[in-house]
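Heads up: the structure comes next, in structure tokens.
The values are calculated or read from the model by the stated rules, or taken from the named source; none is laboratory data. Small disclaimer: the values here were computed from a predicted structure and weren't measured. Positions of Cβ are backbone-derived with ideal geometry, glycine not excepted, and every protein chain shown enters the neighbour counts.
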């Protein structure tokens, strides 16, 4: 049963979702000695990275793009560019 690609992808998505939820719940709200609070920044970056990984799993396994190298690369590139734009928008007010 665990040899099925969709079951493994579903389990991976559950684990990644639980991890991103745990990161969001347990971020440290304190400030460092310099007064800069880096924990929400790190948590946001980690959550965005986990979302990118989940998106790649969904595209590869559920939509069947693992069979076609051209389309998988194209969608992964577009998804990565989108995630980088979101990361830039997230980090821009903090600079």
Is there a residue in segment 14-28 that is over 21 Å from residue 75 (Cβ atoms), surrounded by 14 or more Cβ atoms within 10 Å (Cβ to Cβ) and modelled with pLDDT under 85? yes
Report the residue count in segment 48-70 for those that are assigned to a helix (DSSP H, G or I) and under 28 Å from residue 89 (Cβ atoms). 15
If you go through segment 1-13 one residue at a time, how many are surrounded by fewer than 13 Cβ atoms within 10 Å (Cβ to Cβ) and either at pLDDT below 80 or touching a helix residue (DSSP H, G or I) at 6+ places or on another chain (Cβ under 8 Å) (or both)? 5
Could you check residue 50 against (1) at pLDDT below 95; (2) surrounded by 16 or more Cβ atoms within 10 Å (Cβ to Cβ) and say which number it fails? (1)
Specify which of the listed residues (64, 55) is at pLDDT below 90 and closer than 27 Å to residue 7 by Cβ. 64
